[in-house]
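The values are calculated or read from the model by the stated rules, or taken from the named source; none is laboratory data. Values in this document were obtained by computation on a predicted structure and should not be read as measured data. When we count neighbours, we look across all protein chains shown, and the Cβ atoms used for this are built from the backbone with ideal geometry, even at glycine. Just the protein is used for accessible areas: all its heavy atoms, side chains included, with ligands, DNA and RNA removed. Shrake-Rupley method; radii C 1.70, N 1.55, O 1.52, S 1.80 Å.
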Amino acid sequence: MAEESITTTTLATSENQPSSGLTPPQESNSTHQVLATETETLEQATETNPPETAVTAAAQPEVTPEEHHPPKVTETQTASTEKKETSQKEEASEEDKRIPQNLGSFKEESSKLSDLSDSEKKSLDELKHLVRDALDNHQFGSVPKPEDGSNAPEEVTIWGVPLLKDDRSDVVLLKFLRARDFKVKDSLAMLKNTVKWRREFKIDELVDEDLVDDLDKVVFMHGHDREGHPVCYNVYGEFQNKELYNKTFSDEEKRKHFLRTRIQFLERSIRKLDFSSGGVSTIFQINDMKNSPGLGKKELRSATKQAVQLLQDNYPEFVFKQAFINVPWWYLVFYTVIGPFMTPRSKSKLVFAGPSRSAETLFKYISPEQVPVQYGGLSVDPCDCNPDFSLEDPASEVIVKPGTKQTVEIIIYEKCEIVWEIRVIGWEVRYKAEFVPEEKDAYTVVVQKPRKMKPFDEPVLTQSFKVNELGKVLLTVDNPTSKKKKLVYRFNVKPL
């Protein structure tokens, strides 16, 4: 059977990126385009293609910046590949039966005031009227009503937004309405209780406190999803560290401090959201269940229950989606217990993924360059140094099917240094990189000899090559396994 090779061809200039959203240089004669071609091995091409129909890099027509196209991959399957693919789908199906995934369709309600239905607008107007009366009569209790009988209304600010001062207040009130199914009186009661709790908890002072904790790796914000929501990661496995666990939960005083640090973190994150009409005012939350201590740790269970209750009562409608990744078996038992008590709307916000599908699931919602390396992406910790790439440098994703070879072909039209990052989730593939000059008699330069990449090898390879003559860089991934693989890569080109 003939060997197959699927090639993604990219024409690169000094400002090229492997993404469909590129802007060609305005003052450059260099060709800048992304194409896709399907290639076979040399032996197969010789047997099936007449010499006059073979297309080489040198024979490709010159393209102008206006002819820019996004990357495209064309794949060919043989009978054996089809068989392996079917087998893998059967394995995935078995995992799907064990792990509940997205539990229903969910489209986030619009925060645009103009998108509200007539009944929703009516409820909002009614709530605003009640809030105005409450402020005029000092019913929120933030300050006593003046004894001199003056009519100065009470002023209440929540999440940095003063109530009834501008349109941002409408977005805040909508959160309380949606949390109470647009029941106006229930929404007002919830708002009053939240304002009271914030005053008792001294939230405004807490935001500016300098609290010390060791939980930077337990809860952190990193990047945005494809729709612009900031992403919050909760890494429960960090509490397997006994020293950290005891330092956080061993007595009531430590558990109170833990709760205060989490509320402070949440408050600071919320105040960075956009409460304007149509703005992003919700968070994508990811819960990493790998090595989680589970339900047996009563101190953690107690602290988590208290935190969840506070969030439900005082932070309505701030979660866009809740993704649970690396889900273990015991969590299914827990979900079986709580599932029946959840509303269909709450269930539709949940996403579940087992260990083998966590990266694939995250990529549905978050671009690879925004996903931390430990979760299958390319983004390093902000504290680490990556001078070649940032969150703003887009990555491309390619599926490498079982028993096939994938080649990313980057055509260079000027002297430059090209730097690339490449990873295959879980590896178990062979990888090589080479530079093929445009001149027919020139030698191919081996940048990376064929290397068998194992599952626990470094997750991301960063390599570079100085190009002193026109030609193309070939990044080849050979997948000999019976499972499809996700290839992620990006590159930058710097003129010499």
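Tabulated data
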| read-out | value |
| --- | --- |
| Candidate lysines - alpha carbon under 20 Å from LYS494, same-chain residues fewer than 8 apart omitted | LYS415, LYS466, LYS472 |
| Rule-of-thumb Rg ratio for the stretch 406-453 [Cα; 2.2 N^0.38 Å; N residues] | 1.32 |
| Rg in Å to one decimal, and Dmax rounded to a whole Å, for the stretch 397-495 via C-alpha atoms | 13.8, 41 |
| Largest to smallest accessible area among GLU409, GLU109, GLU253 [probe 1.4 Å] | GLU253, GLU109, GLU409 |
| Principal axis dimensions, the stretch 161-306 - Cα atoms, whole angstrom, descending | 48, 37, 31 |
| Accessible surface, the stretch 397-495, averaged per residue in Å² (probe 1.4 Å) | 46 |
| Surface share of carbon and sulfur [accessible, 1.4 angstrom probe, percent] for the stretch 397-495 | 48 |
| Accessible area of GLU200 in the full protein assembly, 1.4 Å probe (Å², nearest 10) | 120 |
| Charge sum, other residues only, whose C-beta stays under 13 Å from SER302's C-beta, Lys/Arg counted +1 and Asp/Glu -1 | +4 |
| Net +/- balance of residues flanking ALA433 in space, Cβ distance below 10 Å, scoring K and R +1, D and E -1 | +2 |
| The stretch 397-495: relative contact order as a whole-number percent, Cα under 8 Å and 6+ apart | 51 |
| Heavy atoms of PHE201 accessible to a 1.4 Å probe, total area in Å² rounded to 10 | 40 |
| Solvent-accessible surface (1.4 angstrom probe) belonging to HIS257, in square angstrom, nearest 10 | 70 |
| Cross-link pairs LYS272/LYS485; LYS112/LYS484; LYS347/LYS486; LYS297/LYS485; LYS305/LYS484 - those with Cα-Cα distance over 31 Å | LYS272/LYS485; LYS112/LYS484; LYS297/LYS485; LYS305/LYS484 |
